[in-house]
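Quick notes on the structure that follows.
The values are calculated or read from the model by the stated rules, or taken from the named source; none is laboratory data. The structure displayed is predicted, hence computed values, not measured ones. In this analysis, Cβ positions are derived from the backbone assuming ideal geometry, glycine residues included, and neighbour counts consider all displayed protein chains.
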């Protein structure tokens, strides 16, 4: 089966018309189990030819140029460059047709644009990057006031499935006291269930980004729809992309 727009998630947010964004699902590719079918990660042990075909299908359908990253759970933000795979966990672009692209399988993808529709960005926010400030650095790369920024939270592991240790809670609460509300005790002593979506909203609000949309889709729970590293350590990767359409006079 070929890839179609019906296989993708389209963000529901009030972004300017020139801003385009999608998130892939498991459907529409050629990869075999456990990567079935639209795995877009080259680093997970899938057949390289299958990944290449999946990426070709995605680019052909969307008509943009994805700028892939080598993600390391850090805070580096780079200008998106389809010609190079840069080491970073976020990218921005002001060039029409160049798609900031993030791979995930439980971590939180966050897409950004400014209201002027002159710049877009995408960030890979696992708990380490989130605590270290990857969202704040990505917003800074948009080079506009925070109240002129829109953010959309893509599918990630939900609070019913994301169990963490006390060190994770401490990393967030030490920076923002209100982050304590994003953690509840799990069934295991000294462990907590963490809400990545809530943590992201707290951190964005702290820098003045209030226009935050999305959230609520759990990669762990929706097995037919999404890949999840916690559910299956040998699995594929979803892609979240955002780009600007050309301006036609």
**Q.** Test: residue in the stretch 65-74 that is over 13 Å from the mean Cα position of the chain (by Cα), within 21 Å of residue 126 (Cβ to Cβ) and assigned to a loop (DSSP other than H, G, I, E, B)
**A.** yes
**Q.** Positions within the stretch 81-116 being outside any strand (DSSP E or B) and within 15 Å of the chain's Cα centre (by Cα), in sequence order
**A.** 88, 89, 105, 106, 107
Q. What number of residues within the stretch 126-166 are on the phi > 0 side of the Ramachandran plot and in contact with a helix residue (DSSP H, G or I) (Cβ under 6 Å, 6 or more places away or on another chain)?
A. 0
(Q) Suppose we keep only residues that are in contact with a strand residue (DSSP E or B) (Cβ under 8 Å, 6 or more places away or on another chain) and crowded, with 22+ Cβ neighbours inside 10 Å within the stretch 39-63. Which one would you say is farthest from residue 244 (Cα to Cα)? (A) 41
Q. Taking helices (runs of 4 or more DSSP H) that do not extend beyond the stretch 117-194, which have at least 3 residues that are in contact with a strand residue (DSSP E or B) (Cβ under 8 Å, 6 or more places away or on another chain) and crowded, with 23+ Cβ neighbours inside 10 Å?
A. 134-141
Q. Can you name the residue in the stretch 10-35 that is under 15 Å from residue 232 (Cα atoms) and touching a residue at least 12 places away in the same chain (Cβ under 8 Å) and is also surrounded by the fewest Cβ atoms within 10 Å (Cβ to Cβ) among such residues?
A. 32
**Q.** Unique match (being at pLDDT 95 or above and more than 26 Å from residue 9 (Cβ to Cβ)) among 124, 176
**A.** 176
